[in-house]
Amino acid sequence: MKKLFFFLGKGGVGKTTLAGSFAAYLANNSHKVFLASIDPAHNLFDFFGMEPGKKGPVKLSEGLTVEEFDIDSYLKKFLKESSRKMKKTYHYLQMINLENMFDVLKHSPGMEEYAMLAALQELLDAWESGVDYMIIDTPPTGLMLKIFFIPNTTLLWIGKLKELRLKILERRSQIAHIKGKDEFEEGVPLDVSDDVIFKELQAQEELSKKLSKMFADTEICKKVLVLNYDELSIKEGLKIINDLSTINVSVDLAVLNKKGMSDAAANNEKLKGLLKKISGLTRIEIPFYREQVTPRNKMKEIAKMFATELL
Ligand SMILES: Nc1ncnc2c1ncn2[C@@H]1O[C@H](COP(=O)(O)OP(=O)(O)OP(=O)(O)O)[C@@H](O)[C@H]1O
Ligand SMILES: [Mg+2]
């Protein structure tokens with residue numbers, strides 16, 4: 001069965017190490033794997049010892065393709081596409097030159113998340129057309145949570161916008177009926193079947209429904225929470241579990257990475273108490289590889305420790 005995996009957790013806990021190890025392991029077992037980083041501060045290529053900065057998908061082995069998604073270029077693409085659509089839709093208003101506003105719009109609230117969604121959409125298309133396993137190395141918690149939430153919040157306001165749009169079209173057609181169609185400039189839609197805006201709202205609604213359903217699907221979309229033996233990473237992990245549960249998204253596995261890194265942590269009662277709070281979740285422990293410059297040469301060993309839990 002095709003599957004999609006997200007590795008979530010606080011910065012530095014080992015998300016890239018585990019995602020990279022798992023991807024290499026699956027590819028070694030004759031699967032077609034796509035490993036993508038959507039973290040704006042990528043370190044995926046570093047993990048594989050590759051030169052940084054390569055754009056687009058890179059084929060690492062027969063079964064393994066990796067890509068560091070350039071979110072900034074998605075943002076530009078997203079803005080360009082929106083501007084093109086607006087110009088096309090509002091051509092009768094001789095739309096202002098939006099390109100001049102790009103630099104400001106780029107930094108508007110929500111833009112980065114939408115660019116991430118556009119990137120996710122493209123990843124899903126790749127996944128649906130021929131990839132067995134898609135593995136996603138994620139950005140820091142705050143941004144990642146927003147991405148999981150966007151489809152749901154979008155669905156809420158799109159419902160309202162559709163209602164509003166229908167009202168506008170209804171008023172227009174009433175006016176046209178009473179005063180005649182000449183009351184409106186050519187190209188102004190009067191009916192829902194000619195309205196590009198309504199169609200665009202519907203398309204966004206479809207995409208959001210698809211993503212929201214997929215994020216909540218426990219069979220095909222697996223969420224792995226990576227933790228370390230430290231208070232902050234466990235507290236952040238608990239917040240992730242809690243926040244995701246409000247949109248019916250559950251975490252499937254907790255991986256406690258770098259066990260043994262600190263002797264003090266092993267006997268810390270506070271940590272034990274915090275860990276009890278995730279006792280309902282299957283937990284796998286991965287040792288801290290002290291002597292390793294990079295755990296890359298331990299990839300197979302690392303992946304084997306949790307792979308069966310996810311497949
Ligand atoms: N089990 C391990 N034993 C030893 N070192 C480890 C282990 N797991 C990860 N590391 C090291 O910890 C550091 C952080 O790991 P990694 O880059 O995978 O974390 P990350 O969660 O992806 O970080 P970021 O949030 O910055 O992207 C790296 O130097 C990595 O080599
Ligand atoms: Mg990382």
Could you identify the single residue in SER212, SER245 that is in contact (Cβ under 8 Å) with a residue 12 or more places away in the chain and either of a type in the set (Ser, Thr, Tyr) or open to solvent by less than 40 Å² (accessible area, probe 1.4 Å) (or both)?
-> SER212
Can you tell me how many residues in segment 201-253 are farther than 19 Å from LYS270 by Cα and among the aromatic types (Phe, Trp, Tyr)?
-> 1
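For every residue, the table says whether it meets (1) of a type in the set (A, V, I, L, M, F, W, C); (2) at pLDDT 95 or above.
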position: SER208; (1), (2): no, no
position: LEU211; (1), (2): yes, no
position: ALA216; (1), (2): yes, no
position: LEU225; (1), (2): yes, yes
position: TYR229; (1), (2): no, no
position: SER233; (1), (2): no, no
position: LEU253; (1), (2): yes, yes
Within segment 13-92, helices (runs of 4 or more DSSP H) holding 3 or more residues that are within 12 Å of ligand 1 (Cβ to nearest atom) and among the hydroxyl-bearing types (Ser, Thr, Tyr) | 15-28
Name the single residue, out of those in segment 15-42 being open to solvent by 10 Å² or more (accessible area, probe 1.4 Å) and out of contact with any Asp or Glu (no Cβ under 9 Å at 6 or more places or on another chain), that is modelled with the lowest pLDDT.
-> ALA41
Residue under evaluation GLU231, criteria (1) of a type in the set (D, E, K, R); (2) closer than 19 Å to GLY142 by Cα; (3) within 12 Å of ligand 1 (Cβ to nearest atom), criterion not met = (3)
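For segment 177-209, which positions are assigned to a loop (DSSP other than H, G, I, E, B) and either open to solvent by 70 Å² or more (accessible area, probe 1.4 Å) or at negative phi (or both)?
PHE184, GLU185, GLU186, VAL188, PRO189, LEU190, ASP191, ASP195
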In segment 104-151, the residues that are modelled with pLDDT of 75 or more, closer than 22 Å to LYS239 by Cβ, open to solvent by less than 50 Å² (accessible area, probe 1.4 Å) and more than 10 Å from the chain's Cα centre (by Cα) | THR141, GLY142, PRO151
PHE45, sole failed condition from (1) open to solvent by less than 10 Å² (accessible area, probe 1.4 Å); (2) near ligand 2 (Cβ under 9 Å from one of its atoms) = (2)
Filter result for GLU219 (assigned to a helix (DSSP H, G or I), under 20 Å from TYR133 (Cβ atoms) and more than 16 Å from ligand 2 (Cβ to nearest atom)) | no
State whether the residues of segment 262-283 include one that is closer than 17 Å to LEU26 by Cα, assigned to a helix (DSSP H, G or I) and away from ligand 2 (no atom under 16 Å from the Cβ).
-> no
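Restrict the check to segment 275-283 and report whether at least one residue is within 16 Å of ligand 1 (Cβ to nearest atom), out of contact with any Leu (no Cβ under 9 Å at 6 or more places or on another chain) and among the small types (Gly, Ala, Ser). Even if it seems obvious, please write down each step before you answer.
Of the residues in segment 275-283, the ones within 16 Å of ligand 1 (Cβ to nearest atom) are 283.
Pick out the ones that are also out of contact with any Leu (no Cβ under 9 Å at 6 or more places or on another chain) and you get none.
No, there is no match, as no residue in segment 275-283 is within 16 Å of ligand 1 (Cβ to nearest atom), out of contact with any Leu (no Cβ under 9 Å at 6 or more places or on another chain) and among the small types (Gly, Ala, Ser).
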Taking segment 24-41 on its own, how many of its residues are touching a residue at least 60 places away in the same chain (Cβ under 8 Å) and either within 13 Å of ligand 2 (Cβ to nearest atom) or not aliphatic (A, V, I, L, M) (or both)?
-> 12
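On the given criteria, is ILE168 open to solvent by less than 10 Å² (accessible area, probe 1.4 Å) and either at pLDDT 90 or above or more than 28 Å from HIS42 (Cβ to Cβ) (or both)?
no
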So which of GLU205, GLU185, GLU219 is closer than 24 Å to GLU112 by Cα and either touching a residue at least 12 places away in the same chain (Cβ under 8 Å) or of a type in the set (A, V, I, L, M) (or both)?
-> GLU205
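So, of the residues in segment 58-103 that are of a type in the set (Phe, Trp, Tyr) and modelled with pLDDT under 75, which turns out to be surrounded by the most Cβ atoms within 10 Å (Cβ to Cβ)? Steps first, answer last, please.
Initially, segment 58-103 is screened for residues of a type in the set (Phe, Trp, Tyr), giving 69, 74, 78, 90, 92, 102.
Checking the rest, the ones that are also modelled with pLDDT under 75 come to 90, 92, 102.
Numbers: TYR90: 15, TYR92: 11, PHE102: 13.
Applying the filter and picking the extreme gives TYR90.
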Go through (1) over 15 Å from ASN248 (Cβ atoms); (2) surrounded by fewer than 16 Cβ atoms within 10 Å (Cβ to Cβ) and name the single condition ASN228 misses.
-> (2)
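The values are calculated or read from the model by the stated rules, or taken from the named source; none is laboratory data. All values reported here derive from a predicted model rather than from experimental measurement. Here the Cβ is made from the backbone with ideal geometry for all residues, glycine too, and neighbour counts use every protein chain on show. Just the protein is used for accessible areas: all its heavy atoms, side chains included, with ligands, DNA and RNA removed. Shrake-Rupley method; radii C 1.70, N 1.55, O 1.52, S 1.80 Å.
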